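The values are calculated or read from the model by the stated rules, or taken from the named source; none is laboratory data. Everything numeric in this text was worked out from a predicted model, so none of it was measured. We place every Cβ from the backbone using ideal geometry, glycine too, and count neighbours over all the protein chains shown. We work out accessible area using only protein heavy atoms, side chains counted, and drop any ligands, DNA or RNA first. Shrake-Rupley method; radii C 1.70, N 1.55, O 1.52, S 1.80 Å.
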Amino acid sequence: MPGIYDEPEFYQAACAYRDVPAEVDALLRWSGKYRGPDGSDGAEAGLPRSVLELAAGPAEHARELARRGLEATALDLSAAMCARARELAKADELSLTVVEADMRDFHLPGDVDLAITMLNSLCHLLSLDDMLRHLASVARHLSRNGLYIMELAHPADFFSAEHRTSSEWSTEVGDGIVSVRWGAQDQIDPVTQITREHVSVTYHKRYGPVRTVTDVVPNRFWTATEMAAVIRLAGGFTIVASYGDFDADLPVEAAEAWRMILVLRRAGG
């Protein structure tokens, strides 16, 4: 049976619980706060003109940013996901550049002011070398004092008995209900920090058939200290902020925090 990465409609439905416009509000708010011509916090003229979404899938966030007037590019390794992103952008009459490429090593014709990875997509980088190559590629394509905002799983999902992120949920979509079960019983390898995440997505379409897609996806868990170390090792970036949610600038240390969001600024050149 095909996995969810071969079925873009299922992947998109599985992530329908996300409030993409509100998350984009936060991305733009942080961009305005941390980008600036002199690189100082709170500097004026910080809002980006261009954005690159990496491991974008159907490019939910890139399309929302394009809707708000940014020059948007979506990059993904999956041909099916790239095709879905183009299809959705065309249907909404949005200008979106879609690039099929590996986020560890890619080449674009120009720089961008803002790069983003959402939905813990960095879990697909399974080794330190993968992460270093990825950071080098992003740095090559960011403008001076540009930002890279990365959303990762919260460390409490692995270091506490009670996970911050639900592993089962149901969401109403336009033509039915989607039920998702993701990684509830998976064990992390204590040496590699890689899990083989079992995921199932059941799509109950109104007046249509019920379909289920299953997949087993290797995911790498990255700790906060690892990320700080690999960013310092890669060079070219400074961590200027961290958050635990997209709402109200919640600190990553807060008890209610459920994500680990890092805001990186490229060193001025």
- Task: Looking for whichever is among the polar types (S, T, N, Q) and closer than 23 Å to Ile239 by Cβ here; the options are Ser78, Ser137. Which one fits?
- Result: Ser137
- Can you name every residue in region 161-185 that is part of a loop (DSSP other than H, G, I, E, B) and within 21 Å of Asp215 (Cα to Cα)? Thr165, Ser166, Ser167, Gly183, Ala184, Gln185
- From Leu65, Leu122, grab the single residue that is part of a helix (DSSP H, G or I) and under 11 Å from the mean Cα position of the chain (by Cα). Leu122
- Inside region 42-61, can you point out the residues that are open to solvent by less than 20 Å² (accessible area, probe 1.4 Å), within 15 Å of Leu147 (Cα to Cα) and not acidic (Asp, Glu)? Ala43, Gly46, Pro48, Ser50, Val51, Leu52, Leu54
- Task: Provide a single number: the residues in region 145-185 that are within 27 Å of Thr225 (Cβ to Cβ), among the hydrophobic types (A, V, I, L, M, F, W, C), open to solvent by less than 40 Å² (accessible area, probe 1.4 Å) and more than 19 Å from the chain's Cα centre (by Cα).
- Result: 1
- Phe158 fails exactly one of (1) outside any strand (DSSP E or B); (2) within 20 Å of Ala55 (Cβ to Cβ); (3) in contact (Cβ under 8 Å) with a residue 40 or more places away in the chain, namely (2)
- For region 145-178, name all the residues that are touching a Gly at 6+ places or on another chain (Cβ under 8 Å) and at pLDDT 80 or above. Asn145, His154, Gly176
- Task: Please find, within region 186-243, the residue that is farthest from Arg104 (Cα to Cα) out of those that are open to solvent by 40 Å² or more (accessible area, probe 1.4 Å), of a type in the set (Lys, Arg) and part of a strand (DSSP E or B).
- Result: Lys205
- Message: Out of Leu128, Leu132, Leu142, I need the residue that is modelled with pLDDT of 85 or more, closer than 18 Å to Thr223 by Cα and open to solvent by less than 70 Å² (accessible area, probe 1.4 Å). Which one?
- Response: Leu132
- Task: Please indicate, with yes or no, whether at least one residue in region 103-117 is open to solvent by 10 Å² or more (accessible area, probe 1.4 Å) and either of a type in the set (Ser, Thr, Tyr) or more than 28 Å from Gly46 (Cα to Cα) (or both).
- Result: no
- Note on the structure: Expected single match for closer than 16 Å to Gly146 by Cβ and either at pLDDT 95 or above or not small (Gly, Ala, Ser) (or both) among Ala115, Ala74, Ala91 is Ala115
- Item | In region 219-256, the residues that are in contact (Cβ under 8 Å) with a residue 12 or more places away in the chain, more than 17 Å from Ile149 (Cβ to Cβ) and of a type in the set (S, T, N, Q) | Asn219, Thr223
